[in-house]
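Undergrad: Here it is: the structure, laid out below.
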Amino acid sequence: MHPDTATLLAYRDRQLSAVAQREIQLHIAGCARCSAALERLSKEWEHILAEDAAFRRLCAPPRDGLDRVLSAIRERGRAASSTESELKQKIVEQLEVYFGSRIWAVLGGGPASEQGTDLLAKAEPLLTTFIGRRAAAAVVAEIHKGADPRACLDAGVM
Amino acid sequence: MPPLPEATGSRAEEIEREVVRLYGEFAEGMFRYAFVLLANREAAQDALQEAFLRYFMARSGNRSIERPQAWLFRVLRNYLLDQLKASSQRKEVDLAQMRNYPDMRQDPESEFRLEQIVRSLRELLSPRELECFRLRAEGLRYEEIAEVLEVRPGTVGALLARAQKKLRQSSVKPGASGNEQAGYPVPESECPYAS
């Protein structure tokens with residue numbers, strides 16, 4: 001049975017499994033019709049790629065494309081860094097409201113040594129001990145939202 | 001270029017170097033792929049930028065990306081599909097829109113030629129065939145194309161065979177897409193399907 005065009009193309013592109021590649025190779029070696037078809041398909045593809053070269057020449061990204069990408073990355077980095085600082089500051093403020101400045105000794109290390117999210121992860125179990133799991137989760141959620149966790153009191157969570 | 005923010009540290013610099021390397025390897029192909037789908041230089045560049053930005057964010061989150069080329073093309077494609085959907089909802093005509101974003105680097109004749117090539121390809125091939133052909137022409141393996149298009153590798157082979165056949169057949173009806181230069185004419189004598 002002769003391989004179809006898709007199989008011949010896949011064979012030409014070396015995209016078949018090793019076994020299938022070998023089977024087609026053996027078939028082509030003994031089949032003039034498929035051998036000729038493969039040759040024609042290959043020439044056709046080369047011709048298409050030659051035509052595509054014109055498109056490639058005409059269609060290129062702007063010269064400052066990489067600069068734009070890097071600027072976007074750095075802008076995002078600055079924004080993330082700023083959000084992180086704000087979050088950290090809020091955590092420090094709010095935890096000191098509950099526990100006073102001695103909280104840092106309990107958590108191990110000063111506030112400056114921690115990333116905001118890490119700090120919050122460390123503080124949550126401690127908050128849970130004092131105010132309960134549900135209330136601690138609410139406080140953490142409020143801090144993440146950037147709100148004042150004392151609003152939880154008004155909402156009746158604690 | 002703006003300085004790297006201190007807070008991002010050496011890890012960010014390392015990923016940034018990775019992005020620079022990948023941009024050098026794949027940006028041109030990704031841009032062509034985006035351009036064929038959107039027919040708009042600015043939109044294609046925005047899509048390219050978004051894909052690399054998402055790569056940076058993913059790697060910053062310690063995500064391991066085994067095949068960056070396929071990953072970048074897949075993210076790019078998802079973004080492009082969103083853009084096309086949004087564009088269709090706004091009832092925009094993309095080819096007409098392309099003329100509103102002249103690129104000073106290109107002369108009008110080149111831009112016209114490019115527009116013709118893209119129009120010709122889009123008329124000739126189905127969207128799936130066009131994507132498949134473009135990805136293969138950019139050097140992606142069948143497996144990678146399948147990953148990008150979310151189809152089976154066997155489907156990739158069938159799509160490519162159909163695309164190649166249509167591209168060959170366009171030579172039978174030169175100018176059918178509006179201009180002989182715009183298509184991918186194949187001399188009939190070299191065509192395996194010619195009777």
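Undergrad: Rank B:139, B:116, B:159 by how far each Cα sits towards the positive end of the charge dipole of the range B:112-174 (+1 on Lys, Arg Cβ; -1 on Asp, Glu Cβ) and give me just the farthest.
TA: Positive-most Cα among the choices belongs to B:116.
Undergrad: Between the range B:7-42 and the range A:38-69, what's the alpha-carbon centroid distance in Å?
TA: Going from one Cα centre to the other spans 18 Å.
Undergrad: What is the spin-label model distance, in nm, from residue B:67 to residue A:13 if the labels are put 7 Å beyond Cα along the C-beta direction?
TA: Using points 7 Å along Cα→Cβ, the separation is 1.2 nm.
Any read-out appearing in this document is the output of simple, stated calculations on the displayed coordinates, not a laboratory observation. Quick caveat, the model's predicted, so the values are computed rather than measured. So basically every Cβ, Gly included, is an ideal-geometry build from the backbone, and we count neighbours across all protein chains shown.
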